[in-house]
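Here the structure is laid out as structure tokens; the discussion comes afterwards.
No lab work stands behind these numbers, since they all come straight from the coordinates. No experiment lies behind these values; they were computed from the predicted model shown. Because the Cβ atoms are built from the backbone with ideal geometry, glycine has one as well, and the counts that use them run over all protein chains shown.
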Amino acid sequence: MKLDFIPLDYDYFDFEGRNYARIIGRDSKGKRICVIDSCPVYLWAILKDGLKHEKINKLIKEIEKIELDLKGRRTKVEKVELHEKSFLGKKVNALKVFATNYKDLHDVADQLGFPEIEKRRGYDLGFITHYIIEKKIIPMHWYELSGEVLNNSQEFGGIDSAFDVDVCIKLESFRAIEDKKLNPKFLAYDIETDEIKLGEGEILMISLVSDSFRKVITWKETKHKKPEYVEYVKDEAELIEKFVKYVGDISPDLLVGYSSDSFDLPYLKARAEKNEVNLSLGLDKSQPKFTRGINITGKIKGIVHIDILKFIRTAYSQYMQSETLSLNEVAKEFLGDSKKDFKIKHSSKIGEGDWEKYYEYNLHDSILTFGLFEKMWPDMLEFTKIMQEPIFDVSRNGMSKNVESYILHNLEKFNEIPEKRPMHDEISERRQREKYEGAFVFEPAPGLYEDVVMFDFTSSYGSVIVTYNLSKSTFLEKPEKDSYNIETGGKKLYFAKEIGFFPEMLKEIIEKRKHYKEELKHKPDVIKKARSNAFKLLVNSAYGYQGFFGARYYCPEAAAASAAFARKAIKDTMEEINKQEFKIIYSDTDSIAFLRGKKSEDQILKFLKELNSNLPGIMELELEGFFKRGIWVTTRAGTAGAKKKYALIDKNNKLKIRGFETVRRDWCRLAREVQNRIIRQILEDGNEKNALQYVKEIIKKLQQRKINKEDLIIRTQLKKSISEYKAVSPHVIAARKMQEREIPVSQGNLVEYYIAETKEKKKLVREKVKLPDEAGEYNIEYYLKNQILPAVENIFQIFNSDVNDIIKDKKQTTLGDF
DNA sequence: GACTGAACTATACC
DNA sequence: ACGGGTATAGTTCAGTC
């Protein structure tokens, strides 16, 4: 039988001691296909240099004798071949040791302690990754397959009949074909419960949303008119069973939740157990399986379970405006829609008339989740195609893991044997290493400036890695002819001239990124945009990867050299800019801000071109922007210019604010808004007069208690569990208060509080902390002295001292009132 | 008990 | 455990006078 096929989900099973990949996907008509396939299983034994043929042959004979009987399974070495390979860029002779079962490769490796063998590699990729590398059946690409249809056959123990698919075939041959359009079925879901703690309360309702389906299932009936999307069941057990039935009937390719790895799915599992019903969501009626540990993931056989929150965290969060990754904020930013307004209460406290609102709230959460998923699907698809790992993993992995996936799936072009994952001891050793010197930040001279130009290096660190060939395999202990070198941390680091596979891959990624970005300019579409973005993220993560303790290709020397070369590049460029007698205002890592002076914008662009013609390798400087005005302030402590804190305004009055309190979520809204307004005012006007007037009005309002309490709420994240804190800061007190009142609060939550007046004079801020709904009056002195004034003081300070005096007077008189 | 610098903590920049 | 280092700033804590 022949058919077109796109792989969506992968897993594997053992049959008669051997591993078989099971790939679930669709054909071009939309039928669900299950493909069973196998591949050779092997590891690499890298031989010592200069071994004689006879010795190698003798070794091969020895290795071929290895047989293991572990974990109730027989594995033996089935074949040994000698190959010329490359390992970390060096030519090596290596034995390809074939064995029966992938899971036993580690034990086989343990048996290879022969003196002739230098290293053992390639046994720790996981069978699925190994299979994809070996067979090149890559997720989300189209293939034409031919194979034998398994129809109630006893082959593989009747696996075809256990799986609810249209066709199950044993793969015989395949070829890659052109991409076709895929319309996978998505289904979003969301649950509402009585308790937040896993499994401790009852599940009240579950919503399901696809493009043509909207449903809320609940056992909480209301006497009011039932909305048509609501379906009643008799109890929680039936609710879970009904949910399973709907998922089975709709039979989506992807089941999507928001935070569902750690909440919805495990909650369902826990309640199913409690009610003694099966959460048989898998295509083979199996229940979801969860990984242990801090980072829980929930896997359903044959259906790809996606927790969209995780993908948002790795792929989008660094470019987002949202201050938290809550469904509400994220939906606002991406969809312009928000959660339904409904205050969740325990079901016993919900009034008869409120249930309808609760149903709607529950339904809308799934609508938002579905909307987000649709929006992010192109990115997820491109990520998966590029990293070549199953979408289940790619959608959850951090960028460092994604970089590694990309490397592992592209090693073959370099004939490279994969490096091993660091073991536990090695990781703790790496984590203890001393920090290396990082980026250079130029101390600005505080002031208000006109006509500011900003240049920056495109993918600075990525370009440096490629230009100077910085990687584990190119790092040299001693200098070689023409090797690249740089001094940092009192040591000179050398890197080979001949390009290594890591910089080479990165070079390709940068070129591809450029290519798609260019195409995007001429003919924009979502796929190109997604692809360009995925490559951009890969480039930006390559530097962090090499310095990351968990990396296979960990190389702190390469990371340190990357930072050192980047420092050199920015300083050299600054020197060139200085030579042209431009005044440099600021610089951080890969950007330089300077005054345009009397030169025109065209002349600046010409100058940029000139700078670029003299840059080494693929280093490239680009225009970040021309700005009408910009301000830099002093640090709070002294007169030195503050780094990482500035504001710019362009011709269209668009602001670019960095580091100021107004962009920090742990300051109250009033302070942030006041600061934002005075920054805008000053940058628009070119002076401080109007801004100062505005601040005076606000201070007056504050003193007259005319400010809304909501504008004074301070939000701080609980970064660890309450008991772990050594210092008891205000937000810890707020969290303790919440605990006392049995308001759920845990690590990672944003804690809200305000600072209130107290009867007696209290010294510590934490003694004045009150929760938002706790009765009390806001503490005028605190909000003046610790929020408003600190946010505006050093902005006015950059003007003449008269203004400064007014502020100081103001401060004294206002504070003197108490 | 007031003062002061160090330690702890959160968050931002690139 | 699930890129890196640089930087500001508030608040508490612990020691000194």
Alpha-carbon Rg with Dmax, taken over the range A:138-206, Å: 20.0, 52
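Take the Cα atoms of the range A:221-317, build their convex hull, and give its volume per residue in Å³.
Details: hull volume 13.2 nm³, N = 97.
Spread over its residues, the Cα hull of the range A:221-317 gives 136 Å³ apiece.
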Per-bin percent of Cα-Cα distances, the range A:1-63 [5 Å]: 4, 13, 17, 12, 10, 9, 8, 8, 8, 7, 3, 1
Rg and Dmax [Cα atoms of the range A:43-193; Å; Rg one decimal, Dmax integer]: 21.0, 70
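Where in chain A are the DSSP H helices whose alpha-carbon span along the long axis reaches 20 Å or more and whose Kyte-Doolittle mean is at least -0.5? Please list the in-between numbers first.
Working: long enough: A:236-250 (21 Å, 0.15); A:355-387 (46 Å, -0.33); A:501-522 (32 Å, -1.21); A:526-546 (30 Å, -0.12); A:556-579 (34 Å, -0.36); A:669-685 (24 Å, -0.70); A:689-703 (22 Å, -0.55); A:801-816 (22 Å, -0.92).
Membrane-span-like by this criterion, though nothing is claimed about a membrane: A:236-250, A:355-387, A:526-546, A:556-579.
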Computed over the range A:99-171, the ratio Rg/Rh where both radii use C-alpha atoms and Rh is Kirkwood: 1.12
Sorted largest first, extent of chain A alpha carbons per principal axis (Å): 91, 84, 53
Sparse-neighbour loop sites [trypsin sites (Lys or Arg not before Pro); the range A:71-111; at most 14 other C-beta within 10 Å; DSSP]: A:LYS71
Label-point gap, in nm, between A:ILE296 and A:LYS343 - each point 7 angstrom along Cα→Cβ: 2.9
17 Å reach of a label modelled at A:LYS762, 7 Å along Cα-to-Cβ, counting backbone N of the range A:731-751: A:731-741
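Please give the per residue volume of the convex hull enclosing the alpha carbon atoms of the range A:123-241, rounded to a whole number of Å³.
On the way: hull volume 25.4 nm³, N = 119.
Cα convex hull per residue, to the nearest whole number: 214 Å³.
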Mean shadow area of the range A:358-457, taken as a quarter of the surface of its Cα convex hull (nm²): 14.9
Between the range A:22-57 and the range A:737-772, the alpha-carbon center distance in angstrom: 58
The range A:433-564 - Kirkwood radius from inverse mean 1/r over Cα pairs (Å): 16.6
Debye log10 I(q)/I(0) for the range A:277-377, one point scatterer per Cα, at q = 0.13, 0.16, 0.21, 0.24 Å⁻¹: -0.67, -0.94, -1.12, -1.15
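What is the gain in length, in nm to one decimal, between A:SER161 and A:SER38 on full extension, counting 0.36 nm per residue of separation less the C-alpha to C-alpha distance? List each step's numbers first, then the result.
On the way: separation 123, 0.36 × 123 = 44.28 nm, distance 1.93 nm.
Net length gain for the segment: 42.4 nm.
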Cα-projected label distance for A:TYR319 with A:GLU697, points at 7 Å along beta-carbon direction, nm: 3.8
The range A:631-741 - Rg over Rh from alpha carbon coordinates, Kirkwood radius: 1.06
Cα radius of gyration and Dmax for the range A:507-598 (Å): 17.4, 52
Potential extension, A:GLU221-A:GLU356 segment - 0.36 nm per residue separation minus Cα distance: 47.7 nm
Dipole of chain A, positive end: most advanced residue of A:ILE46, A:ILE755, A:MET423 [Cβ charges, Cα centre]: A:ILE755
Potential lengthening between A:LYS492 and A:ARG665 on full extension [0.36 nm per residue; Cα-Cα distance subtracted]: 58.1 nm
